[in-house]
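Below you'll find the structure, written out as structure tokens, and then a few comments.
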There are 2 protein chains.
Amino acid sequence: MIEILEKIAKEASEKTNIKLYRRSVERILSALQVTSDFWKIVDYADQPVPAASEIIKLLIKEGYVTVENEELYLTEKGLELVKELGIPPYVDYTCQACEGRGIPFYANIDWYRAFVQLTKDRPKAVQEYDQGSVTPETTVSRVLFLDSREDLRDREILVMGAEDDLTGLAVALTGLAKKVLILDIDERAIEFDNKIFKELGINNAEARVFDLRNPFPEEWIGAFDVFITDPPETVKAFKAFIARGISALKGEGSAGYFGLTLRDSSINRWQQFQRALINDYGMVITDIIQDFNAYMNWEYHDQTKAAQISPVKKSPTDIWYRSAWYRIEALPGFKGENVQIKDEVFRELYLDEEGSTT
Amino acid sequence: MIEILEKIAKEASEKTNIKLYRRSVERILSALQVTSDFWKIVDYADQPVPAASEIIKLLIKEGYVTVENEELYLTEKGLELVKELGIPPYVDYTCQACEGRGIPFYANIDWYRAFVQLTKDRPKAVQEYDQGSVTPETTVSRVLFLDSREDLRDREILVMGAEDDLTGLAVALTGLAKKVLILDIDERAIEFDNKIFKELGINNAEARVFDLRNPFPEEWIGAFDVFITDPPETVKAFKAFIARGISALKGEGSAGYFGLTLRDSSINRWQQFQRALINDYGMVITDIIQDFNAYMNWEYHDQTKAAQISPVKKSPTDIWYRSAWYRIEALPGFKGENVQIKDEVFRELYLDEEGSTT
């Protein structure tokens, strides 16, 4: 019966152009044992949305799964398959205190309170810029994480995009960094940050409208201890963003942070990312914490490719989009790149087979 | 003044033959701001013991650090240096509930209780086999981690060495794995496990005396869903152990788990390990959780190289030796190796410049 999984993986691969294998199907079947919600299945199974969707459609076609009121259930045949192949259910032991991050967001409750109060009128996420903001607990935990790795106090910190998460703002609000430079293409986020900096008299932080496809000016090269970003998940765009961030690092021991998801990219692509980090850029990976970053449901969900290809019409009712938190460190011989990113590289994002939430 | 750090890093590098850089010295100075205990400094600074020791000796020589009653303190000159260079103090936000693992050991309290009760007469760690057992909380958290990644239930699991941690026993005690094979060179651990299996009537688990330098018999090749190990931290020995584990994996989606420390290996060496995992063996790294594994103070501490090279004569009073928890996954094209490990590779362990606790 194991051939059934191989067959479904193969068919779903051909249909989606995403490399899938038996384990991909197994993970969907693990999730189906504990939830009937499509978005939770994607979350638990750590599969790109198009992959999860196609696998489920094939499971439905083969009679292993059935749809009732936009919920997904294993049929008797499906339950038998799971039992026969010994496919375990998804089990969740996530720490309730720290939400699985290893650092609780309330470790510095003042930072959390200040951040939440100051950002209650934050701009809403928009599809145009591929936004979908992380929870305030995520943002504050990122700052705590930096601090715990000596990457916050007296450091010069560069925040590259994704400022709808307000990570740069949260870093600056601690008052502990030496300098914070926040870059984002979205004027609303930049204005929001600068207004708060002005109101609070924070003068070592600056937010600037900047298109990260463009090269950095000379004065930013080799000028920062830390960069933080949330790169697009195509290989070329990932490499371009990360290489640019690395070019801004001062030297050995400088660090980069970014989120990387398995909702918009496959585990195969992760390997390509890791290969680039180590072989091309001379970095070492010091941390990979799964599900560190929890994203709030964005308002434009119904307009996404994800919503369109979903096997059911039900929208998410809870957090389902998460990404892992990577920390990388520069070692002797590290090198970045600071070249113009061509439009076609960026356009690939919207044609990408694995991505679906942009 | 930054040149002082560069100079100390360079001198310590030459003396120890470990690649060190400014950040290595900075991290020692970060730790020195919050503790006077040498072993806690090693823990907080994530540096190999010989590196931490040499850096501190140089800091003492240059008048930045002083020793009083076997405790280490920054001198006034040292405090000025730290202030001048803006070197932040080490800050600890570790979640108290899960000890920073993201999964609390009490998530399945029955597993924890059973494990602790059954193992109260466990064999003591001995130096001969490079032992130093992890805490029961660590062992049980490993099992919970496997379960949360669908690497426990109905899986065939191979535990390669380090059974003084009793990880194989804890896995078997859940009764959820399909099969557990435990290999260790230490007869005491093997007998201990088999006695419990017999007493409890567990018949899908087996512990065998096996020297992991020897190749696996044909029937173990490609026969397991999961391997768990705690490899030696020299490059050759690491590669040999991990490659052997990978050769035992069934296929794509099969997983390997191991601990990797920064107490007995440098961050530079981590990069070599990561390069091997990705380039040579076709694996992808899915998780790196720092300080997941906490080791109890072994009784033979005074006989270790670590104790001999320490800048002070005080023994550890608390847990200071920790390792990160790696999970790796096999992708299409992955490949292991199952060759005899030559004695000289293994002997290198004891001549290794970065290691000191074996």
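The values are calculated or read from the model by the stated rules, or taken from the named source; none is laboratory data. Please read all numbers here as calculations on a predicted model, not as lab measurements. Virtual Cβ from ideal backbone geometry, glycine too; neighbours counted across all protein chains shown. In case anyone asks, the SASA skips ligands and DNA or RNA and just uses the protein heavy atoms, side chains included. Shrake-Rupley method; radii C 1.70, N 1.55, O 1.52, S 1.80 Å.
Numbers below:
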quantity	calculated
The range B:52-188, relative contact order in percent, only Cα pairs under 8 angstrom and at least six apart counted	17 percent
Dipole moment magnitude, nearest 20 debye, chain B about Cα centre, only Lys, Arg, Asp, Glu C-beta charged	380 debye
Computed magnitude of the charge dipole of the protein assembly as shown (debye, nearest 20; Cβ of K, R +1, Cβ of D, E -1)	420 debye
1.4 Å probe accessible area per residue over the range A:2-85, in Å²	43 Å²
Other copies of A:ILE109: label-to-label distances in nm, shortest first, labels 7 Å along the beta-carbon direction	2.5
Mean Cα-pair separation over length for chain B, i.e. relative contact order, pairs under 8 Å, 6 or more apart, %	19 percent
Cβ-based charge dipole, the protein assembly as shown, positive-most Cα from A:CYS98, B:ILE87, B:THR229	B:THR229
Cα-based Rg of the range A:2-85 normalised by 2.2 N^0.38 Å, two decimals	0.95
Accessible area per residue, Å², the range A:279-345 with all protein chains present, probe 1.4 Å	40 Å²
Per DSSP, loop trypsin sites (Lys or Arg not before Pro) in the range A:48-138 with at most 15 further Cβ within 10 Å	A:LYS120, A:LYS124
Choice from B:SER133, B:SER148, B:SER310 with maximal GNM fluctuation in chain B (Cα, 10 Å cutoff)	B:SER148
Estimated Rh, the range B:105-349: Kirkwood, alpha-carbon pairs, angstrom	18.2 Å
Percentage relative contact order, the range B:2-85, counting C-alpha pairs under 8 Å, at least six apart	26 percent
Pairwise burial B:A, computed as accessible area of each alone minus the pair, summed, 1.4 Å, Å²	4900 Å²
Modelled label reach - A:ILE221, point 7 Å along Cα→Cβ, the range A:244-266 residues with backbone N closer than 15 Å	A:244-251
Among A:ARG122, A:ARG327, A:ARG142: highest mean-square fluctuation, GNM of chain A, C-alpha pairs under 10 Å	A:ARG122
Heavy-atom accessible surface of chain B: percent carbon and sulfur, 1.4 Å	47 percent
Among A:SER24, A:LEU58, A:LEU74 - extreme Cα towards positive end, dipole of the range A:2-85, charges at beta-carbon	A:SER24
Pseudo-label separations to other copies for B:MET296 - Cα-to-Cβ vector, 7 Å, nm	4.7
Choice from B:GLY256, B:GLY201, B:GLY336 with maximal GNM fluctuation in chain B (Cα, 10 Å cutoff)	B:GLY201
Protein-protein interface of the range A:94-113, residues with accessible area decrease of at least 40 Å², isolated chain reference, 1.4 Å probe	A:CYS95, A:GLY102
Linear extension gain, B:ASP343 paired with B:ASP154, 0.36 nm per residue minus alpha-carbon span	64.4 nm
At least 30 Å² accessible surface lost relative to isolated chain, residues of the range B:279-320 (1.4 Å probe)	B:ASN279, B:VAL284, B:ILE285, B:THR286, B:ILE288, B:GLN290
20 Å binning of all Cα-Cα separations within the protein assembly as shown, expressed as whole percents from 0 upward	17, 51, 29, 2
